[in-house]
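First comes the structure, then the notes that go with it.
The values are calculated or read from the model by the stated rules, or taken from the named source; none is laboratory data. Since this is a predicted model, take the numbers as computed values, not measurements. Cβ atoms come from the backbone with ideal geometry, glycine included; neighbour counts cover every protein chain shown. Note: areas computed on protein heavy atoms with side chains; ligands, DNA, RNA excluded. Shrake-Rupley method; radii C 1.70, N 1.55, O 1.52, S 1.80 Å.
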Amino acid sequence: IENGDFRQLSQSIADRSIDLILTDPPYPREYLPLWSDLADLAARVLRPGRFLIAYTGQMYLEDVMHALSARLRYYWLGTLHHIGAVGTQHARRMMNAAKPILYYTNGEAVKHAYCYDYLKSPQRDKRFHHWGQSLGPVRYLVETFTRPGDLVLDPFTGGGTTALACAQTGRRFLGYEIDPQTAERARARLADFQPLLFDVSLSPTQLSTDIYG
């Protein structure tokens, strides 16, 4: 996990060397330009047919999808349901209990395991970042769209949820976080991780209904 702006730090990544980008960029309007930068990065560093999967908000979904579609190929729109958590969007008079999960590919998609497009988040984890997400759905996506040893990139690492999911499942990880204190918390979170003595797969036959619908 490197501290700094992904737009600068990612210049050292070799072309077509990343197997998955899984990330949760900030949602407010002032951060919308970052989606074009993310699309440019994904188009360069993703292996052909590999995925960019990103959480996003509802308010500016049209703008986000427009930015991504300029460089990548739209694949699917999923949903993450925050069980028991509701945010009020006063500008639209909406009670928001779910967020989109965007799936884009760098060209024609490679085959992957069958994937549920409706995931449940039993509890958002705010211990490491105020925008932190629960681990279960992230780990499910990592296992569905990559294999052990693959390299996963998160340009907005935050509290390190994607990093921990990769550590738990034997994937390699590269992440960037612009805030130095948050980056340090994410590193400490990884340092505390203890590898499991046996494999616990988040396959549909073993996942609880708290993760997917």
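Per the listing ALA43, ALA14, the residue uniquely within 17 Å of the chain's Cα centre (by Cα), modelled with pLDDT of 95 or more and among the hydrophobic types (A, V, I, L, M, F, W, C) is ALA43.
Each residue in the range 54-112 was checked for being touching a strand residue (DSSP E or B) at 6+ places or on another chain (Cβ under 7 Å), more than 30 Å from ARG16 (Cβ to Cβ), part of a strand (DSSP E or B) and not β-branched (Val, Ile, Thr), and 7 of them qualify. For the range 66-95, filtered to residues that are of a type in the set (S, T, N, Q) and modelled with pLDDT of 95 or more, the residue that is surrounded by the most Cβ atoms within 10 Å (Cβ to Cβ) is THR79.
Only one of these is in contact with a Lys or Arg (Cβ under 9 Å, 6 or more places away or on another chain), open to solvent by 30 Å² or more (accessible area, probe 1.4 Å) and modelled with pLDDT under 90: PHE128, PHE198. Name it. It would help to see each step written out before you state the result.
On the way: PHE198 fails: in contact with a Lys or Arg (Cβ under 9 Å, 6 or more places away or on another chain).
Checking each option against the conditions leaves just PHE128.
Every condition in (1) of a type in the set (Asp, Glu); (2) farther than 25 Å from HIS112 by Cβ; (3) open to solvent by 80 Å² or more (accessible area, probe 1.4 Å) is met by ASP15 except one, and the failing one is (2). Taking the conditions exactly as written (under 26 Å from GLY136 (Cα atoms) and in contact with a Leu (Cβ under 6 Å, 6 or more places away or on another chain)), does PHE6 satisfy them or not? No. In this structure, is TYR116 within 21 Å of LEU20 (Cβ to Cβ), touching a Phe, Trp or Tyr at 6+ places or on another chain (Cβ under 6 Å), open to solvent by 50 Å² or more (accessible area, probe 1.4 Å) and modelled with pLDDT of 90 or more? It is true that TYR116 is within 21 Å of LEU20 (Cβ to Cβ), touching a Phe, Trp or Tyr at 6+ places or on another chain (Cβ under 6 Å), open to solvent by 50 Å² or more (accessible area, probe 1.4 Å) and modelled with pLDDT of 90 or more.
Here is a check on your reading of the model: is ASN3 open to solvent by 30 Å² or more (accessible area, probe 1.4 Å), within 29 Å of ARG185 (Cβ to Cβ) and out of contact with any helix residue (DSSP H, G or I) (no Cβ under 8 Å at 6 or more places or on another chain)? Taking the combined requirement at face value, the residue does not satisfy it. The condition of being under 15 Å from the mean Cα position of the chain (by Cα) and either at pLDDT 95 or above or open to solvent by less than 70 Å² (accessible area, probe 1.4 Å) (or both) holds for ILE101.
PRO33: within 14 Å of the chain's Cα centre (by Cα) and surrounded by fewer than 17 Cβ atoms within 10 Å (Cβ to Cβ), yes or no? The answer is no for PRO33. Taking the conditions (1) under 13 Å from the mean Cα position of the chain (by Cα); (2) assigned to a helix (DSSP H, G or I); (3) surrounded by fewer than 17 Cβ atoms within 10 Å (Cβ to Cβ) in turn, LEU38 satisfies each one other than (3).
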